[in-house]
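Here, each number is a calculation from the coordinates, and none is a lab measurement. What you see is a predicted model; the values in this text were computed from it and never measured. Heads up, the Cβs are rebuilt from the backbone with ideal geometry, glycines too, and the neighbour counts pull from every protein chain shown.
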Ligand SMILES: Cc1ncc(C[n+]2csc(CCOP(=O)(O)OP(=O)(O)O)c2C)c(N)n1
Ligand SMILES: Cc1ncc(C[n+]2csc(CCOP(=O)(O)OP(=O)(O)O)c2C)c(N)n1
Ligand SMILES: [Mg+2]
Ligand SMILES: [Mg+2]
């Protein structure tokens, strides 16, 4: 079957559909995932085709959603729970951090919780408060969770398949500002392993590392940098926990410079771990310190300021300049 | 008035008492803080002396505790809310992260929330699950919060005074395994600013950076290292957000090597930010990468394994060796 | 689509307090009564009409690109004006995010509400100016803030009460239950108002709760009442009584206002995906404004001239809002650094300086 | 200290279900009845005595340093054995952390429970072996797991129900209210049992709730009943009926078992700081074991020889527990890496390798 061109929303929708067809234990649950198909239509049509018993509109309670998903997993189901927006995941923080992440260890491996918690994340869509946040660091810091995020429709399709099949809980972050971007999705093609990073653009002079919404931006920045005569490599991290340090290291040993770009606040954001660990692994290879571009130490601002707050091509290039100035 | 020798528990107790005497708006609230005086007796005797109206046993609901503390602060009170143990703070995560931290910004500065959330944290006391965790990274990553932790009784006394007087919300982390250690506390002595780090031991060869429970350990490690002919500087961070990078930088520019020690998991723990930023600030001064010693990427283990899990003098010294081997 | 008739939705059981029928005639009630002058009744009418008008104007302005989003209060005017006007100025109100009518009662300028939907701030007003707290987008937590505030009021011995609003969807959040319990245990002077408008986005009330939400109160140990939320008189009478109950030291009270969200959940929503137009049509017959107008006209307390004058005032308000919104300035590019903390913070300072340097370099054509 | 007499604590109101008086005589009840053979009654007696014995032994062993902590179920044996024995093996039970008697009914070895208090694991048993979930230390979340499990049971159409335990303190957690609501909305086959033992550590029930906890159920739309939790027959009768109600597709049920925590909250606790000895003495008169023993002896269903045989069995159990605990091995030093994930994880592998290298170097006398 040839590849088809799909938006990320459609790719996610088809991926859910496929998972539900393949395994009757897969359930979809969350606020407004049923008749409405989710506020972004990711679950569009699923309730119609699979019934209310498998695609369930829940009461408005995120702790209840994740908590009952855990219970359903204990009963042998594979729930895919949706959190409507990034900023609304915190009522479920206790369920995610003290229960979902820890039950496998608590039971010495006897209990598995194959729960996927999906949520749109990140900014750039002009939304009101709490609809544009990037909470990945909270989850990545939590042992017991896997945290992944696709940057394009093809990865969205496959990574969701893999996440649903994972025996571990997965926090699945969907870059909402890329929901409507199209890509070729080959539903037969063998995917990369879930936690492997991908060199999205080969280059020699500096590595730009990004994930989710910032991959496209970094590719554009790399294009722009070519005009300045700089050949940037772009690595799409794909998995924030675990992190594929081997792929990053290989890139950095080659380019000798690394800039990490994410929307999450820089302070204790994923870039801090990457900087710390890559500096340790590549101490004698780095010609400049690992630099980071990301959100500031401020609540995500109101939408009229999000272009200022978020990394832009210019801010990335400015930081690339800084790296070369070392 | 001369300094008195107090345990950290007693210093915290006297600090709360002083704050309540100085300002009738200061309230103490939490589970079992009243007649029992808290499970660690930090609030011992306060209800007897200040009444149930100012020292209140709450229902068992952490979100309720922090949520009503926010409401009381809106009404002009200065609540000091206790979370009984580190691992029980997560039901309050939403209140802390989306409300307590953000209301000042949301109101463009019109609303101040001078709320202190106290909690014992860290391991080493042989406790059951959730009684030994180090959740500081979650809070430090959250803009709008201040996160501090004393390492000794004198700092405990003064930093709690300063936290209660702060116009911003403060997460006040108490290193429970140091609760019963004594130190001289001069209640008249002018303290350091709340967010300033302190050189706890001057040295020339490498900087050990720690906070809370690990400061004592690092001082002991520095003593042990002296026998190997190494003169280690020990910096007590005191504040995890903001971080006093100037003091760290000054130390590292002198010693040229840095090892960060904390109980929190290393992966995306506070040490990652320190490593990233200090490497950027001291790129040409560092003779080895910033190395980190801390908790592993695992839920805090059962107590019979906590000595293995936690940093020890030997693990610190082993890492110091690794730093010198670069 | 949705079966319409469970206990959670049913609006006809005897418990429902109603003082004005959908046809605009007065209905007697044993426990709750209200006696307003024609002047006061006209005031309520005016409030509802003006609220509906600026709310509708906001919908248009959103379509014209002046705001990213708007959440309309259409259909809920009686629930909001009736309760809002029942409160004294000294009472303190914690809204959810759709209480434009309550804001109106407090004297909050509609434009003030629009800043966050335009994207120039996250609210940014001073709650103490009108004793009207900021809108809170995360559903649930604010009911605990309201409860804590009320606990403080009790400590102060102040002669006032707190009003706390949440939705039928909100009633499911753990925080709301915690708020009901903290309020009960502390005997706090607070009145909770649940506007049960039948829907939480696409989720019908039947999937939110098995029984009417007012019954929640008894489970925590205080009174709860279900009111016809499209009846401004009933809303006012019950809220007044509830506030008096609270101010009198009798603890919390829960009002479930049975109403209907006539508009989409927000301007981004498409209700045809999940509910029948028939349901909306049915509720249109219970319209809160038409109902009060019928009463006023029947009693000859309002004539065409009066009604026209109100329409003219509404037009003027709409124009003022339109002009005001269109000229509402964007914030300074570094504004998001300004209020992260009340006191100095080195990281914020460092990042602001860095960003300012970057902006300057950029403008120089870097 | 604490005033003893609010509705939340009161044990005498008509709603309380009791089938056996504190003096050991049968009490008739309109709605709930139970008819057990002497053999079955003796079985309940044996369960309670053995539970109390291994629980008491655990307290001693903790004092001797064999465990870091123990939370005693002393005084709550009837609430736990009565409900535990009411469940079928095929029913699924979600305990809190003090349900040693329920664990006993499921056939979970007492030693299995002690691992976490000794510090060799965080529980570590397989819940599916005895349909008895792990203890959960964080109060609240597990009631939602139980509810989700019950929702799954309903999807499967299985002929079983779920039992979910929480405490009077736990009732205040938002998660517990969310669980009650999710259970109600989904008509899930689940019975919630709140053991109201009067105290949450030092916090008396009056500060936890304004009304009896069983009333919470009505607020969410399902039945709740308050039972004399020191009456094993009433506990069994009501739990049986509730489980049948749930299995029969009638949705959730809440049982509030009015009992008393005779011991300190945990071995680290000192109740003299917050409650009067008189209160404990008063409750000693309602002891669940003495009550059933009196009934058995009065009816001549148990003689001295029988009672002595049970004591001997208890002694043997205590000895087995003592020996077993003392010889319970410590885990391997790297064990905490083993079950963080079910599937391979490079960071865990890297850290394990690093730590193993460190340990090896250390042993070589590094
Ligand atoms: C914690 C949280 N989860 C999800 C949302 C997204 N959301 C916004 S409004 C809404 C429905 C609210 O329904 P209801 O409480 O009935 O209020 P209404 O919108 O009808 O006024 C949802 C799910 C949110 N704002 N907060
Ligand atoms: C979320 C959470 N907060 C605080 C604690 C600390 N804690 C342990 S037991 C307890 C009291 C529990 O009381 P209750 O629910 O009545 O159960 P009981 O101990 O009486 O069986 C508290 C506060 C906890 N375990 N979990
Ligand atoms: Mg609604
Ligand atoms: Mg209790």
With labels modelled as points extended 7 Å from the Cα through the Cβ direction, what inter-label distance (nm, one decimal) is found for residue B:250 paired with residue A:250? 4.6 nm
What the 10 Å binned alpha carbon P(r) of the stretch B:28-106 shows, as percent of pairs per bin from 0, is 20, 50, 27, 4
Over all distinct Cα pairs, what is the inverse of the mean 1/r for chain A, reported as the Kirkwood hydrodynamic radius in Å? 20.0 Å
With a Förster distance of 22 angstrom and the Cβ-Cβ distance between residue A:314 and residue A:204, calculated FRET efficiency to the nearest 0.05 equals 0.45
Rounded to 10°, Cα long-axis angle of helix B:313-325 versus longest principal axis of chain B: 40 degrees
Principal axis dimensions, largest first and in whole angstrom, of the stretch A:198-325 by Cα: 41, 34, 26
May I ask for the angle, rounded to the nearest 10°, between helix D:174-185 and the longest principal axis of chain D, with both axes built from Cα atoms and the value confined to 0 to 90°? 60 degrees
For the residue pair residue D:320 and residue C:308, what label-to-label distance in nm results when each label sits 7 Å from Cα along the Cα-to-beta-carbon direction? 9.6 nm
Here the relative contact order (percent) of the stretch A:4-185, from C-alpha pairs under 8 Å and at least 6 apart, is 27 percent
From the label point of residue C:23, set 7 Å from Cα along Cα→Cβ, how far away are the matching label points in the other copies, in nm, ordered shortest to longest? 6.5
From the gyration tensor of the Cα coordinates in the stretch B:187-269, what semi-axes in whole Å does the equivalent ellipsoid have, largest first, with each one equal to sqrt(5λ)? 20, 16, 13
Give the separation of the Cα centroids, the stretch A:49-75 to the stretch A:259-326, in Å. 37 Å
Only helices counted: for chain D, with every DSSP H run of 4 or more residues adding -39500 (n - 2.57) and the sum spread over all residues, [θ] at 222 nm is -14000 deg cm²/dmol
Could you check what % of the DSSP bridge pairs in the protein assembly as shown are antiparallel, to the nearest 5? 20 percent
At q = 0.13, 0.18 Å⁻¹, base-10 log of I(q)/I(0) for the stretch C:1-143 (Debye sum, equal scatterers on each alpha carbon): -0.71, -1.17
Working out 0.36 nm times the residue gap between residue C:268 and residue C:35, then minus their Cα-Cα distance, what length gain in nm do you get to one decimal? 79.8 nm
Overall form of the stretch D:104-192 per C-alpha gyration tensor (a/c, 1.5; a/b vs b/c): oblate
How much FRET efficiency would the formula 1/(1 + (r/R0)^6) give for residue C:88 and residue B:307, where r is the Cβ-Cβ distance and R0 is 60 Å, rounded to 0.05? 0.45
For the stretch A:4-185: rounded, prolate or oblate by the Cα gyration tensor [a/c cutoff 1.5]: rounded
Chain D, Gaussian network, Cα under 10 Å: of D:139, D:190, D:81, the residue fluctuating most is D:139
Listed with the fewest Cβ neighbours within 10 Å leading, C:233, C:285 appear as C:285, C:233
Rounded to the nearest 10 degrees, what's the angle between the helix A:245-255 long axis and the longest principal axis of chain A, both from Cα atoms, 0 to 90? 20 degrees
Helix-only mean residue ellipticity at 222 nm for chain A, each DSSP H run of n ≥ 4 adding -39500 (n - 2.57), per residue, nearest 500: -10000 deg cm²/dmol
How many nanometers, to one decimal and shortest first, lie between the label point of residue D:362 and those of its other copies, if labels sit 7 Å from Cα toward Cβ? 5.0
The protein assembly as shown: spread of alpha-carbon positions along the three principal axes, whole Å, largest first, is 97, 82, 81
Peptide-level mean, for C:179-189, of C-beta atoms on other protein chains within 10 Å: 5
From the label point of residue C:36, set 7 Å from Cα along Cα→Cβ, how far away are the matching label points in the other copies, in nm, ordered shortest to longest? 6.2
Taking N as the number of residues in the stretch D:205-249, what value does Rg over Cα atoms divided by 2.2 N^0.38 Å take? 1.31
From Cα coordinates alone, what are the radius of gyration and Dmax values for the stretch D:3-331 in angstrom? 18.7, 54
Would you mind computing, in nm to one decimal, how far apart the modelled labels at residue D:356 and residue B:284 are, each placed 7 Å from Cα along Cα→Cβ? 4.4 nm
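Please say if the stretch A:128-271 is rounded, prolate or oblate, where rounded means a/c under 1.5 for a ≥ b ≥ c the square roots of the C-alpha gyration tensor eigenvalues, and otherwise the choice is prolate for a/b larger than b/c and oblate otherwise? Intermediate values should be presented prior to the final figure.
Details: a/c = 1.45, a/b = 1.34, b/c = 1.08.
Rounded, because the longest to shortest axis ratio a/c is under 1.5.
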For the stretch D:94-135, max minus min Cα coordinate along each principal axis, in Å, sorted largest first? 23, 18, 17
How many angstrom lie between the Cα centre of the stretch A:114-156 and the Cα centre of the stretch D:180-209? 34 Å
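Relative contact order, percent, of the stretch B:227-305 when contacts are C-alpha pairs under 8 Å separated by at least 6 residues? Please report the intermediate quantities before stating the final value.
Working: 77 pairs, mean separation 26.0, N = 79.
Relative contact order for the stretch B:227-305 comes out at 33 percent.
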Starting from the Cα of residue D:156, step 7 Å toward the Cβ, then list every residue of the stretch D:122-137 with an amide N under 20 Å from that point. D:125-135
Using only Cα atoms, locate the centre of the stretch D:132-147 and the centre of the stretch D:299-366, then give the distance between them in Å, rounded to an integer. 22 Å
Count the DSSP beta bridges whose two residues both fall in chain D, then state the antiparallel fraction as a percent rounded to the nearest 5. 10 percent
